[in-house]
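The values are calculated or read from the model by the stated rules, or taken from the named source; none is laboratory data. Bear in mind the structure is a predicted one, so any value in this text is a computation, not a measurement. Don't worry about glycine lacking a Cβ; one is built from the backbone with ideal geometry, like all the others, and counts go over all protein chains shown. Please note that ligands, DNA and RNA were not included when accessible areas were found on the heavy atoms of the full protein model with its side chains. Shrake-Rupley method; radii C 1.70, N 1.55, O 1.52, S 1.80 Å.
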Amino acid sequence: MKYLSTRGDRTPRGFSETLLEGLAPDGGLYLPTHYPRVDAATLSRWRGLSYADLAFEILSLYIDDIPAADLKRLVHATYNKETYGTDAITPLTRLENGLYLQGLSNGPTLAFKDMAMQLLGRLFEYELGRRGEELNILGATSGDTGSAAEYAMRGKKGIRVFMLSPHGRMSPFQQAQMFSLQDPNIHNLAIEGVFDDCQDIVKAIGNDLAFKRRYRIGTVNSINWARLLAQVVYYFAGFFQATRGNDERVSFAVPSGNFGNICAGHVARMMGLPIEQLVLATNENDVLDEFFRTGRYRVRGSAETHETSSPSMDISKASNFERFVFDLLERDAARTAELFGPTLAREGGFTLARDEFARTARYGFVSGKSTHADRIATIRDTWQRLHVMIDTHTADGLKVAREHLRPGVPMLVLETALPAKFAATIQEALGRDPERPAALARIEDLPRRFTVLPADAAAVKRFIETHCASHSG
Ligand SMILES: *Cc1c(COP(=O)(O)O)cnc(C)c1O
């Protein structure tokens, strides 16, 4: 399998090259040259597989530059009961009338980002070891992504993580989660500023090409194809759990921000998985809901980006969206490059032609939006009536899922985080604290390891230099 860029670069690249590069050199995103089709016989064979074996089968269709035995080992080391708590890995919980929750947040940081990041950590370590290279991952986080990256990369050979977060602004639980890590390859940098300052520093360092090359700076952001690919697996796993035969269909409701999770659903559907609807749910930051209702994609500024009680969906633009638009435009790379390059820069967005937009229905997409009041009501109703506690992001998904239920088609709401991560809103909705997995009961009491730095790229660079002594030659 080879990969191409959504903006037209057709230099054939293998999986391993896209793994370490992230973004394509022309600024586009990597996609496979085609989506392998999975026929009914293959689906029947896959139905009985364990999650890890299913992951191996799906990944093998897209990865031909890692020997099968090695890939199998990496996948089994990632997806097991020790890490995810159950053999199902992403277990289904029945709510009512054709509505299910698919649990994606039973990994180490209690959010669905673990599903992909845990594999990414092992793939990085493997590929860097094979090349005899090292990588310094630099990132900015306001919560979920940073902790998922750190728990995936901790103790991995050849990898260091430098994670910037706004000093004193993450939730107490999130701070405890990240700062309690004692692994010498993990560096928490608490920046005296807000999240935007952290992001600006990461961008400034990324633009210093000499520094970037010398210190082998890389990222783990959500545009990485390997992350998306890892997420395709649980759509198949959800389908197998919710159906008895391959002539049945299911729908998925996906709490969305950067369009990474639901884009994996799009890939699964393109492969032939019988998905009826892909229901995209946003919070008050409704860039994507607006697009799927009107065909207009309008990027927001930071003043227009709301801080909500489902913070991991507080985005102003959706970094994976270009992949879907590329497919929607029948893989017209010139038009995709024009829309996401000059048009977006000039006009802050674009509107698709009527016939182009009309095609979204063929791809199964529908959308909806959920507000703080909806979240509170949904969390309360689900707890009081169904005795299931859900987090704020999952609540957005469930609220919108109900608006698109069709008789006879199971609707799987993807549970993207556990309520334990968002205790304040759970208190507001239920007047009680969420339960926590036993292993994390006293996480706030653990010793912490982090460094406070001013909001200054030069200070962060100096920190990286002194902690990469082995590279300084
Ligand atoms: C990241 C995240 C999302 C949004 O996922 P995207 O792939 O960015 O669309 C939703 N919920 C939670 C809890 C998250 O951490």
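Structural remarks
- Additional length obtainable on full extension of the chain from Asp381 to Ala438, 0.36 nm per residue less Cα span: 18.0 nm
- Per residue, in Å², the accessible surface of the stretch 170-251 once ligands and nucleic acids are set aside, probe 1.4 Å: 38
- With kT/(6 pi eta Rh) evaluated at 25 °C and eta = 0.890 mPa s, and Rh the Kirkwood radius from Cα pairs, the stretch 1-69 diffuses with a coefficient of 183 µm²/s according to Stokes-Einstein.
- FRET efficiency, Ser316 to Glu356 (Cβ-Cβ, R0 25 Å, nearest 0.05): 0.60
- Rg/Rh ratio calculated on Cα atoms of the chain (Kirkwood radius): 0.94
- FRET efficiency estimate (nearest 0.05) - Cβ-Cβ, His76 to Arg10, R0 30 angstrom: 0.30
- Using equal-weight Cα scatterers in the Debye expression, the normalised intensity of the stretch 2-158 in log10 at q = 0.15, 0.17 Å⁻¹ is -0.99, -1.23.
- For q = 0.11, 0.12, 0.19 Å⁻¹, Debye-computed log10 I/I(0) when each Cα of the stretch 252-381 counts as one equal scatterer: -0.39, -0.46, -1.12
- Accessible carbon and sulfur surface of the chain relative to its total accessible area, %, 1.4 Å: 50
- Estimated from the Cβ-Cβ distance and a Förster radius of 30 angstrom, the FRET efficiency linking Glu192 and Lys157 is about 0.40.
- For Ser367, the residues whose modelled amide H falls within less than 5 Å of its own, excluding neighbours fewer than 5 places apart on the same chain, are Leu280.
- Considering only alpha-carbon pairs that sit under 8 angstrom and 6 or more positions apart, the relative contact order computed for the stretch 253-320 is 40 percent.
- Dimensions of the stretch 227-273 from C-alpha coordinates, computed as largest minus smallest value along each principal axis and given longest first, are 32, 18, 15 Å.
- Of every Cα-Cα pair in the stretch 306-374, the percent that sits beyond 16 Å: 59
- Centroid-to-centroid, using Cα positions, the stretch 3-59 and the stretch 431-451 are 37 Å apart.
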